[in-house]
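Coordinate-derived values only; no laboratory data. Source: prediction; values computed, not measured. Neighbour counts run over all protein chains shown; Cβ positions are idealised from the backbone, glycine included.
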């Protein structure tokens, strides 16, 4: 009987020895590159990747199935953005570990000095082009937001972030003389990430299309939209008369030519927003 057991034990040991643990097909990669994971179990249900960098909280990496059928890690951005660094990647089938953590080196994002400075200049052109396409002088963006047509509200809000004469705007933060929402900005990292995600070409193309649209073919008029509110209401019945409060200005589209113009402008904005959202979804870790 003992002799019969020996071959069985040897077969089990040989099978265990031949079983391979998961492994990356390459040992390093740039952020957002796809690195195939070999030797995953056939019974795999749901793969999860946890990434550990020295002195940093554990973060996750996305998994993507390639057209070849292979599963791949979408390389995340290292906390040390420009330098990159070595990490350990733990693989799980749901919550069950798959072998030992795997070493991997995340390469740094290439530096791209001056990218954000060029983008801020292009965005300022975009503000003027958007105002012109809406039939308004660019100077109106300096006034109260409620005095603007509602389609310019997002433009006015963006201009507050990019204006070059405010210590709380992005240009001051990039120059080291201000902060955005109390947060300082690292110019080198901002330049590198903006270039890496190709924001400059996307914004350049959008602004060029806005400038090509130009001003409405016919004069534009606006109508205030608002509501009546009690004058000085402060608890209890208020006998004082109502007063008008303007919420925003509505652009009046009164000609077929202007209708076509504003439909084209709205479609351009919609397509650009969708493009940026899709890019963000495809690149977010």
Practice task
Test residue 203 against the criterion of being over 16 Å from residue 266 (Cα atoms), in contact with a helix residue (DSSP H, G or I) (Cβ under 6 Å, 6 or more places away or on another chain) and either exposed (fewer than 14 other Cβ atoms within 10 Å of the Cβ) or touching a residue at least 40 places away in the same chain (Cβ under 8 Å) (or both), and give yes or no.
Solution key: yes
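Determine if the stretch 32-39 includes at least one residue that is under 17 Å from residue 88 (Cβ atoms) and in a loop (DSSP other than H, G, I, E, B). Break it down into steps so the answer makes sense when it comes.
Initial filter on the stretch 32-39 (under 17 Å from residue 88 (Cβ atoms)): 35, 37.
Next, from what is left, pick out any that are in a loop (DSSP other than H, G, I, E, B): none.
Checking the stretch 32-39: not a single residue is under 17 Å from residue 88 (Cβ atoms) and in a loop (DSSP other than H, G, I, E, B).
Taking the condition of being assigned to a helix (DSSP H, G or I) and touching a helix residue (DSSP H, G or I) at 6+ places or on another chain (Cβ under 9 Å), how many residues in the stretch 169-195 meet it? Lay out the reasoning, then the answer.
Pass one, the stretch 169-195, residues assigned to a helix (DSSP H, G or I): 170-175, 187-195.
Keeping just the survivors that are touching a helix residue (DSSP H, G or I) at 6+ places or on another chain (Cβ under 9 Å) gives 170-171, 173-175, 187, 190-195.
Residues meeting the conditions: 12.
Inside the stretch 57-79, can you point out the residues that are under 27 Å from residue 187 (Cα atoms) and surrounded by fewer than 16 Cβ atoms within 10 Å (Cβ to Cβ)? Talk me through it step by step, then tell me what you get.
So the first thing to find is which residues in the stretch 57-79 are under 27 Å from residue 187 (Cα atoms), and the list is 57-61, 74-79.
The answer is 57, 58, 60.
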Fill in the blank from the handout: Of the residues in the stretch 45-54, those that are part of a loop (DSSP other than H, G, I, E, B) and surrounded by 14 or more Cβ atoms within 10 Å (Cβ to Cβ) come to 53
Completion exercise
Inside the stretch 167-187, the number of residues satisfying the requirement of being surrounded by fewer than 16 Cβ atoms within 10 Å (Cβ to Cβ) and either touching a residue at least 40 places away in the same chain (Cβ under 8 Å) or in contact with a strand residue (DSSP E or B) (Cβ under 7 Å, 6 or more places away or on another chain) (or both) is 1
Completion exercise
Within the stretch 148-157, the residues that are touching a helix residue (DSSP H, G or I) at 6+ places or on another chain (Cβ under 7 Å) and either under 30 Å from residue 38 (Cβ atoms) or crowded, with 16+ Cβ neighbours inside 10 Å (or both) are 148, 152, 155, 156
Exercise for the section: List the number of the failed condition for residue 159; all other conditions in (1) in contact (Cβ under 8 Å) with a residue 12 or more places away in the chain; (2) more than 27 Å from residue 276 (Cα to Cα) hold. Expected result: (2)
Practice task
Looking only at the stretch 55-83, count how many residues are within 17 Å of residue 100 (Cα to Cα) and in a loop (DSSP other than H, G, I, E, B).
Solution key: 1
Problem - Qualifying positions in the stretch 120-147 - buried (at least 18 other Cβ atoms within 10 Å of the Cβ) and out of contact with any helix residue (DSSP H, G or I) (no Cβ under 7 Å at 6 or more places or on another chain) - result: 135
Handout entry: Contacts under 6 angstrom Cβ, first residue in the stretch 255-268 being farther than 10 Å from residue 135 by Cβ, partner not in a helix (DSSP H, G or I), 6 or more apart
Key = 255/218; 257/217; 257/218; 259/253
Practice task
Read through the list (1) in contact with a strand residue (DSSP E or B) (Cβ under 6 Å, 6 or more places away or on another chain); (2) assigned to a helix (DSSP H, G or I), then give the number of the only condition that residue 222 fails.
Solution key: (2)
Exercise for the section: Filter the stretch 83-108 for residues that are over 26 Å from the mean Cα position of the chain (by Cα) and at positive phi and give the result. Expected result: 94, 99
Handout entry: Scope the stretch 84-110; condition assigned to a loop (DSSP other than H, G, I, E, B) and loosely packed, with under 13 Cβ neighbours inside 10 Å; matching residues
Key = 94, 95, 100, 110
